[in-house]
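A.B. asks: One structure is given below, represented as structure tokens, and several questions about it will come after.
Just so it is clear, none of the values below were taken in a lab; they were calculated from the coordinates. Just so it is clear, the model here is predicted, and its values are computed rather than measured. Heads up, the Cβs are rebuilt from the backbone with ideal geometry, glycines too, and the neighbour counts pull from every protein chain shown.
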Amino acid sequence: MASRLLWASRAASYLRISVFHRGFASVVKDLKYLDSHEWVKVEGNSATVGITDHAQDHLGDVVYVELPEVGAPVSHGSSFGAVESVKATSDINSPISGKVVEVNEELNNSPGLINSSPYDKGWIIKVEVSNSGELNSLMDADKYTKFCEEEDGSH
């Protein structure tokens, strides 16, 4: 009996994964998105930045993340690091301007966190925001979802 249950749960997790890869990448409501597939979560003067579920899905298994130094400046729409996957190396752009106050050191040992938990454990940097007005130029979850659908549809 136990082995049948195990098989069923494996089958379920396999099914969930295969459905997921048909383009139902999750988009988190409270975040803002850049058209190069980065997300930002702003709390007061602090912003957490990562890449989206859609981005990690397209990249495949992430094997290395190039992180900036703490104290480095980042600017809206400009690259601050890179994500290397089995398929490609991709620049990571900052959705917001400011100064890096923290980097996710966990990614040095576990770059796969970007795949398994892009919005939570796989965050990349935290930034002290210098111009919160830039948030107005970013997409909300609905716009970003449409953007991804259109982008996927056009390939």
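A.B. asks: How big is the Kirkwood radius of segment 27-153, worked out from every pair of different alpha carbons and given in Å to one decimal?
C.D. replies: On the way: mean 1/r = 0.0701 Å⁻¹.
Across segment 27-153, the inverse of the average 1/r is 14.3 Å.
A.B. asks: Let me ask you something else. Net charge around Gly77, counting only other residues with Cβ within less than 12 Å of its Cβ (Lys, Arg = +1; Asp, Glu = -1)? Before the final figure, lay out the partial values.
C.D. replies: Numbers: positive: none; negative: Asp35, Glu38, Asp91, Glu134.
Around Gly77, the charge tally is -4.
A.B. asks: What FRET efficiency comes out for the pair Glu69/Asp91, r = Cβ-Cβ distance, R0 = 22 Å, nearest 0.05?
C.D. replies: Working: r = 17 Å, r/R0 = 0.76.
The formula returns an efficiency of 0.85 here.
A.B. asks: For Val42, what is the net charge nearby, where nearby means another residue's Cβ is under 15 Å from its Cβ and Lys, Arg count +1, Asp, Glu -1?
C.D. replies: Details: positive: Lys29, Lys32, Lys41, Lys99, Lys126; negative: Asp30, Glu38, Glu43, Glu102, Glu128, Glu134, Asp140.
Net of charged neighbours comes to -2.
A.B. asks: Apply the Karplus curve 6.51 cos²θ - 1.76 cosθ + 1.60, θ = phi - 60°, to the phi angles in segment 115-127 and return the couplings in whole Hz, x for Gly and Pro.
C.D. replies: 6, 7, 8, x, 9, 10, 6, x, 4, 10, 9, 10, 10
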